[in-house]
Amino acid sequence: MTTLITGANRGIGRALLDAMLADGRDVLGTHRDAADGPFLQLDVTDPDSQCDLAGTLGDRGLDLLVCNAGVLLDGDEALDHGYRPDIWAQSFAVNVMGVFLTVQAVLPHLRRVGGKIAIISSQLGSNTLATGDRYAYRASKAAALNLGRNLAHDLAPEGIAVGVYHPGWVQTDMGGATAAITPEESATGLIRRFAALSLDTTGEFLTWDGQTHPL
């Protein structure tokens, strides 16, 4: 079984990669800047980079794609004078278009083995947690959730299940040192969710610890 994880050089992605490698799994991780050690080079916003990744995979089947690469660029922006257009553009380019381009690029490899797709979104993209600020991040994660649920609809007839996940409030560069759980705890829970993902549960939005999250 082969797993591909985007944005696997740090944070939750690295914790997922390390946990799966420790379990003896065949797992590949991507890194935006350069191929380094266990990483394949991938800029999720660049179609040429996506094409190169697909070429690197050759005729290999993918049992699981984890779309983890993401950015939070507006954590300190002020409503009255912040949120420059480039923040909006880059947030959506990475967090939404990047997910779609990755799925599109490796879809033939998923089809070979009836693989699964896991999209790391956030509870901040839920309509039920509208507590303000981080508008670009929230909107992009809501769009990623919507994207995942629509992919689940279209890919179910092909036997490909799609899950969308909130990884928890995690002690990463994005989550901060005072966050509730470690990357390792998040990764352990997420790996269990990936294993349980099936056509019976495709399209669900779940938390790292298995709770159904309101949309």
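Computed over the stretch 105-155, the P(r) curve from all C-alpha pair distances, binned at 10 Å from the origin, holds 24, 42, 23, 11, 0 percent per bin. Element breakdown for the stretch 120-201 at a 1.4 angstrom probe: carbon and sulfur atoms account for 51% of the accessible area.
Set against the labelled values (i) 156; (ii) 194; (iii) 115, volume of the Cα convex hull per residue in Å³ computed from this structure falls on (iii).
Long hydrophobic helices in the chain, taken as whole DSSP H segments with a C-alpha length of 27 Å or more on their own axis and mean Kyte-Doolittle hydropathy at least -0.5: 135-155.
Over the chain, accessible surface divided per residue gives 47 Å², non-protein components excluded, 1.4 Å probe.
Dipole of the stretch 88-174 computed with +1 at Lys/Arg Cβ and -1 at Asp/Glu Cβ about the Cα centre; of 146, 123, 110, farthest Cα towards the positive end is 110. Summing charges over all other residues whose Cβ lies under 12 Å from the Cβ of residue 53, with Lys and Arg as +1 and Asp and Glu as -1, gives -2. Beta-bridge orientation, the chain: approximately 5 percent antiparallel, per DSSP, counting only bridges with both partners inside. The Cα atoms of the stretch 162-215 define a convex hull whose projected area, averaged across directions, is 3.8 nm².
Calculated mean residue ellipticity at 222 nm for the chain: -12000 deg cm²/dmol, from DSSP H runs with n ≥ 4 weighted as -39500 (n - 2.57), summed, divided by the residue count and rounded to 500.
The Cβ shell under 9 Å around residue 161 holds other residues with a net charge of 0, Lys and Arg each +1, Asp and Glu each -1. Taking a sphere under 10 Å around the Cβ of residue 84 and counting the other residues whose Cβ falls inside, with K and R at +1 and D and E at -1, yields a net charge of -3.
As an exercise, take the mean of 1/r over every pair of distinct alpha carbons in the stretch 71-161, invert it, and state the Kirkwood radius in angstroms. Answer for the stretch 71-161: a Kirkwood hydrodynamic radius of 14.2 Å. Placing +1 on the Cβ of every Lys and Arg and -1 on the Cβ of every Asp and Glu, with nothing else charged, gives the chain a dipole about its Cα centre of roughly 440 debye.
The values are calculated or read from the model by the stated rules, or taken from the named source; none is laboratory data. This is a predicted model, so every value here is computed, not measured. Here the Cβ is made from the backbone with ideal geometry for all residues, glycine too, and neighbour counts use every protein chain on show. Heavy atoms of the whole protein, side chains included, go into the accessibility calculation; ligands, DNA and RNA do not. Shrake-Rupley method; radii C 1.70, N 1.55, O 1.52, S 1.80 Å.
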